[in-house]
């Protein structure tokens, strides 16, 4: 066999174009296809350019969203938690009580905010049972009458005298 | 537009955008198919292709023109695809080989695979190869790249590439014969 392709160190040789013909003959010997069989969605290569350009050349300035968690938020959250724990669990001689709330503020809150009181709470508040509560006819009450009654008859004391 | 002119425009901030669009237009398909053969799944290939072009865009100033622009982009695409596969394997606490085998085993039902049985067998055979041999085989057999070009992309000597390819072909031959 004529030496055509000599390995520099070992002295072994191969026939001329052996490697090229080896590769070329792979398909013929093995019936191995030269196509992968992979395909893409229709018009993928027409649309992918715009997707890439939006991430590169057409990229708009970065918008900082308030809802997205940020790295700096975590240490601040931890610090806030520690401060809260210290405030809650350390002995504190300056505890606030219900008495410290200004009456005017409380009254304004009760007047302005909707207060959802269940029938059970009403029976406990006025020391009546459920049957007595049911017997009260609320149908005759209209908003005007109710407002006038509450304005003239109810004071903040009516609420604070009871232990809710 | 020659490669030299394109590179010059890519490195000029005033002409970067138009030159980049030209670059994407020229190389999108070649890079896609290169990536697709590594990650196999279309959606994954789509993600990796986008990441590749974003990296090219951001790092074009670092391209030192020591290799061809095409080789540099191919290298980025290869690294991105391999990193993608490795990250997925890490996420599933398994090996890249097992991940590939799993994807290949679902290939027959993949919406974006319409190969016949011979093509399916070939892909299964390729998936049994070590990663480097897969890359060399795909670049040489399907992309018809020259050894010099593959050498530049994979930073491996031509001699080592020829050996890898030869071994890969022998393994594929054996696989197909035993699974025929």
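Approximating the spin labels as points 7 Å out from Cα along Cα→Cβ, the residue B:55-to-residue B:68 distance works out to 2.0 nm. Once both labels are positioned 7 Å from their Cα atoms along Cα-to-Cβ, the gap between residue B:180 and residue A:142 label points is 10.0 nm.
Could you give the length gained by full extension between residue B:116 and residue B:91, i.e. 0.36 nm per residue of separation minus their alpha carbon distance, to one decimal place?
Gain on extension, residue B:116 to residue B:91, equals 5.8 nm.
Each of B:56, A:78 was scored by other Cβ atoms within 10 Å of its Cβ. Arranged with the fewest first, they read A:78, B:56.
Report, to the nearest 10°, how far helix B:16-39 tilts away from the longest principal axis of the Cα atoms in chain B, using its own Cα long axis and a range of 0 to 90°. So the helix axis and the longest Cα principal axis differ by about 10 degrees. Judged by the gyration tensor of its Cα atoms, with axes a ≥ b ≥ c, chain B is prolate; a/c meets the 1.5 cut and a/b is the larger of a/b and b/c. When the Gaussian network model of chain B links Cα atoms closer than 10 Å, the mean-square fluctuations of B:142, B:53, B:84 top out at B:142. Each peptide in B:100-110, B:118-128 receives the mean, over its residues, of other Cβ atoms within 10 Å, and ordering these scores from highest gives B:118-128, B:100-110. Only helices enter this figure: runs of n ≥ 4 DSSP H residues, each worth -39500 (n - 2.57), summed and divided by the residues of chain B, yield -23500 deg cm²/dmol at 222 nm to the nearest 500. Say R0 is 25 Å: what FRET efficiency, to the nearest 0.05, do residue A:49 and residue B:2 get from their beta-carbon distance? About 0.70, to the nearest 0.05. A crude spin-label estimate for the pair residue A:108 and residue B:26, with each label 7 Å from Cα along the Cβ direction, gives 7.2 nm.
Based only on Cα atoms, what Rg/Rh ratio does region B:1-45 have, Rh being taken as Kirkwood's radius? Each step should come with its number before you reach the end.
Numbers: Rg = 13.3 Å, Rh = 11.7 Å.
Taking Rg over the Kirkwood Rh, I get 1.14.
Look at where the Cα atoms of region B:117-133 and of region B:85-116 average out, and the two centres are 12 Å apart.
Annotation: the residues A:72, B:33, sorted from fewest to most other C-beta atoms within 10 Å of their own C-beta, follow the order A:72, B:33. A Förster distance of 56 Å, applied to the separation of the beta-carbon atoms of residue B:12 and residue B:106, puts the FRET efficiency at 0.75.
Run the numbers on chain B and let me know its relative contact order in percent, using alpha-carbon pairs under 8 Å that are six or more apart.
Working: 141 pairs, mean separation 32.0, N = 180.
Dividing the mean separation by the residue count of chain B yields 18 percent.
FYI, it's all coordinate maths here, none of it is from the lab. Only a predicted model underlies this, so the values are computations on that prediction, with no experimental measurement involved. So basically every Cβ, Gly included, is an ideal-geometry build from the backbone, and we count neighbours across all protein chains shown.
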